[in-house]
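Okay, structure first, notes after.
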Amino acid sequence: MHWLFGDQLGPHFLRPGEAGPGRDTPLLMIEARSVFRRRRFHRAKAHLVLSAMRHRAAELGDRVTYVRADTYRQGIARSVGDRPLTVHHPTSYAAARLVRSLGQVSVGPARGFLVPRPDFEAWAAGQGGRRLRQEDFYRWVRREQGLLLDGDTPAGGRWNLDHDNRQPPPREHSTLPVPPPYRPREDEIDDEVRHDLDRWERDGDVSFVGRDAPRVFPADRAEARAALKRFLTHRLPTFGPYEDAVLAADPVMSHSLLSSSLNLGLLDPAECVEGAEAQWRAGRAPLNSVEGFVRQIAGWREYVWQLYWHFGEEYRRSNVLDHTAPLPGWWNELDADADAVQARCLRTVLAQVRDTGWTHHIPRLMILGSYALQRGWDPAAMTDWFHRCFVDGYDWVMIPNVIGMSQYADAGRMTTKPYTSGGAYVHRMSDLCGPCRYRPGDRTGEQACPYTAGYWTFLDRHRERLGHNHRTAQPVRQLQRLHDLDEVRGQEQARGDAPP
Ligand SMILES: Cc1cc2nc3c(=O)[nH]c(=O)nc-3n(C[C@H](O)[C@H](O)[C@H](O)COP(=O)(O)OP(=O)(O)OC[C@H]3O[C@@H](n4cnc5c(N)ncnc54)[C@H](O)[C@@H]3O)c2cc1C
């Protein structure tokens, strides 16, 4: 029998291969209620995961034994006993440990990623002890996979087209003039999931954060394929230029919304990057957009997955900045009125998360993550919050993104400097600041922007460490010229945990 975890739902998990199932091997899926009891997940995430698992079970029909149990262990005991099982490598340390501890499971290589783990380790070993760099890794993946290459050289002559991307939003529009993304239609499986979640909540068994709403992310292969097709055809051409920009009235802009489908295993990353390249080769999308999208998947997604294993399980406890403050209730609960926040950027983004369990990478990094970093919130608590509240959040993807990328808790193993900024960056890259009650240029007084003031107090708290980093030494030197630093410190201390 072959066991499919809830993030192994696409056909590439059933292709024959090492420790994979044969054509007719019976399959096992386990819906473990304890997973939902351990954390207060966003309602939309719980819905999506259960809906996707049940859709897959319906597709597989008699071939699958679908067990609803309290824990995985009970599910196995009830349905398999001590008969042997195969599984593809799970995506978290905890699940890998569980699988090993059962003693009856042969574990095959992971699927759903472009690069096998031993190949990554060989690449990392070949870096001669230097810091691993995402850019180097990405170029190596392009070569290995033959992606966007003309012979031996990068298509168009350059590996990196970031310079053509990263533009501020178009000032004349409040939404990008592109066709809307694919939206699925709920069916009777969704009705059943909604009914079950309501019942569990009523019984006091589990509780959720965030709002329930019609499902907006794909739950089966057909929906995920339709979402990919729509993105590649209609939205990829404008992906690049505005990938780092934020518009208050257009949370999605030209982003693909494919992360949850990739992470559930409904889509194979290879079909996404190959599909994007084909659009460029056919002259239907410009190279900067296609390269930008390929970089996100073959570069970032792949890199994050590999680093999760490469850095080891202890990495999650990294906390070099010694940030220990708990997340305040208004943030942690999500439901507790995001509208009480007056800083327009944070209010807008928290409301997006509350309502959909998703926001794109810049709000995650430069609005949510940056706010927490500036205030010294516990990176492990932030990781847990992101994991619970985002439809695409899984241990492997959250740990490097939050601990490393967003909270700089690993002293720069993943990024060369902390990602945080004052309000000026948010103002330049979005239309969020205009009507805000705070002013990005003010660091003190009634209208002091919490990001601008927070940025200086963050640098001030860590001036010793950041003064020695060549990428942050300059702003640390600027601290000396801030005549009102004492006032900024006092003001931010007084702000404390209150919603800004
Ligand atoms: C603090 C923080 C937390 C994040 N947490 C998650 C998470 O839990 N799950 C998740 O899938 N992504 C996470 N990301 C990465 C990124 O924000 C999301 O993948 C992206 O916003 C999803 O929307 P999209 O599918 O429209 O992405 P697009 O902008 O359309 O990008 C295309 C694809 O690239 C991949 N990708 C791009 N960047 C990353 C990255 N850093 N890590 C992994 N995949 C990436 C995703 O699969 C995404 O679907 C996080 C980023 C930050 C800064």
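Read-outs: derived from the displayed coordinates by stated rules, not from any lab. Since we're looking at a predicted model, the values are computed, not measured. Because the Cβ atoms are built from the backbone with ideal geometry, glycine has one as well, and the counts that use them run over all protein chains shown.
Centre-to-centre, using Cα atoms only, the range 1-72 and the range 347-386 are separated by 29 Å. Each residue of the range 492-500 was assigned a 3J(HN,Hα) from its phi angle through the Karplus curve 6.51 cos²θ - 1.76 cosθ + 1.60 (θ = phi - 60°); the sequence is 6, 5, 5, 5, x, 8, 5, x, x Hz, with glycine and proline shown as x.
Restricting the calculation to Cα atoms, every distinct pair contributes to the Kirkwood radius of the chain, found to be 24.0 Å. Among 281-292, 259-270, sorting by the average number of other beta carbon atoms lying within 10 angstrom of each residue, highest first, gives 259-270, 281-292. Here the label points at R158 and D484, each 7 Å from Cα along the C-beta direction, are separated by 3.9 nm in the simple model.
Binning the alpha carbon pair distances of the range 2-108 at 10 angstrom intervals from zero yields the distribution 14, 50, 32, 4, expressed in whole percent. Round to the nearest 10 and give me the degree value, 0 to 90, for the angle of helix 269-281's Cα axis relative to the longest principal axis of the chain. Tilt of helix 269-281: around 70 degrees. To test your reading of the geometry: what angle, between 0 and 90 degrees and rounded to tens, separates the Cα axis of helix 344-356 from the longest principal axis of the chain? With rounding to tens, the tilt is 10 degrees. How tilted is helix 379-389 with respect to the longest principal axis of the chain? Cα atoms for both, answer in degrees (0 to 90, nearest 10). Tilt relative to the chain: about 60 degrees.
Run the helix sum for the chain: -39,500 (n - 2.57) per DSSP H stretch of 4+ residues, divided by residue count, reported at 222 nm to the nearest 500 deg cm²/dmol.
Numbers: 22 runs with 203 residues, N = 500.
When only DSSP H runs of four or more count, the value is -11500 deg cm²/dmol.
Among 364-375, 242-253, what's the highest-first ranking by average C-beta atoms within 10 angstrom per residue? Working shown, then result.
On the way: 364-375: 23.1, 242-253: 20.0.
Top to bottom by mean Cβ count within 10 Å: 364-375, 242-253.
What full-extension length gain, to one decimal in nm, is calculated for S92 and D119 as 0.36 nm per residue of separation minus the Cα-Cα distance? Fully extending the segment from S92 to D119 adds 7.8 nm.
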